[in-house]
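**Student:** Provided herewith is a single structure, encoded as structure tokens, for subsequent inquiry.
What follows draws every value from the coordinates through simple rules; no lab data is involved. Quick caveat, the model's predicted, so the values are computed rather than measured. All Cβ positions, even for glycine, are placed from backbone atoms using ideal geometry, and neighbour counts span all protein chains on display.
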Amino acid sequence: MVMPLYDDNPFRLPHRPIVTWSLIGVNFLVFLLSGGQSGEAAYYFGLTPAALHGDVSLDGGVAPALTLVSYMFLHADIVHILSNMVFLWVFGDNVEEAMGRLRFLAFYLLCGIIGALAFFATDVHSRTPLIGASGAIAGVVVAYAMLRPCAKVTALVFGIPMRISAYWIIGVFVFMQFINLAAASASDVAYWCHVGGMAAALVLFPLMRLPGVVLFECIRAPKPPVVAEASVVPGPWSTR
């Protein structure tokens, strides 16, 4: 198990990541208001594929289309929310800096929505509600990999603190999502939602980044500088 703790530039960005901090705060607030368990809230605000497809009607729940957003602010338990929010805390600030606040918020929500639609497409008749911010955060993680793949990140690797390059941590994260896809239908974790969020980021981040933001900068081979050689013309002042 790999759990990131912090990267190599905490609190040193030119602008404070207000959106990232706000998203973390809202997620914890909703978690506390729901009593630390998604329970009944998952029924009313989680994404239920059968309801979105029109198979069933959930009395008292929000409109099925709205659950494409509301589901990502619900979490099953303390481990679920902490694991999601740690990833957002570590990787969200740099992505927000690269996109600007409003674009980052739109990016986060779109990754979550596309992740939910990927989950929905795998079983449109399912009556099991989808909850959690994992789809949106999977998009943020992939965007970070496109932005700062060589950044040093301190992480717990099987409980041992290690300082390693971001591409190793994110590579393991992405690899595990595909490995677990085979068990997605029988698992409590919606890996198709994660994959949908990652795919969304691959398309959206290059399009939504601010002008001048370079992708994969640290792994690009630097171009040698061009040096103009001045020709020296012998004259009466020159010596040989």
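**Student:** Using a 10 Å cut-off around each Cβ, can you sort HIS80, HIS53, HIS75 from fewest to most neighbouring Cβ atoms?
**Tutor:** Ranked by crowding around the Cβ, least crowded first: HIS53, HIS80, HIS75.
**Student:** At a threshold of 8 angstrom on Cα-Cα distance, excluding pairs fewer than six apart, so keeping six or more, what relative contact order does segment 75-178 reach in percent?
**Tutor:** After rounding, I find 27 percent.
**Student:** Could you grab the relative contact order for segment 2-219? Cα pairs under 8 Å, six or more apart, rounded to a whole percent.
**Tutor:** Reported relative contact order: 28 percent.
**Student:** Cα centroid distance between segment 68-83 and segment 107-136, in Å?
**Tutor:** Centre-to-centre distance over Cα atoms comes out at 12 Å.
**Student:** Using a ≥ b ≥ c from the Cα gyration tensor of segment 87-191 (square roots of the eigenvalues), is it rounded, prolate or oblate, where a/c under 1.5 gives rounded and otherwise the larger of a/b and b/c decides, a/b for prolate?
**Tutor:** Oblate is the answer for segment 87-191, as a/c is 1.5 or above yet b/c matches or exceeds a/b.
**Student:** For segment 2-219, build the convex hull from the C-alpha positions and give me its volume per residue in Å³.
**Tutor:** Spread over its residues, the Cα hull of segment 2-219 gives 118 Å³ apiece.
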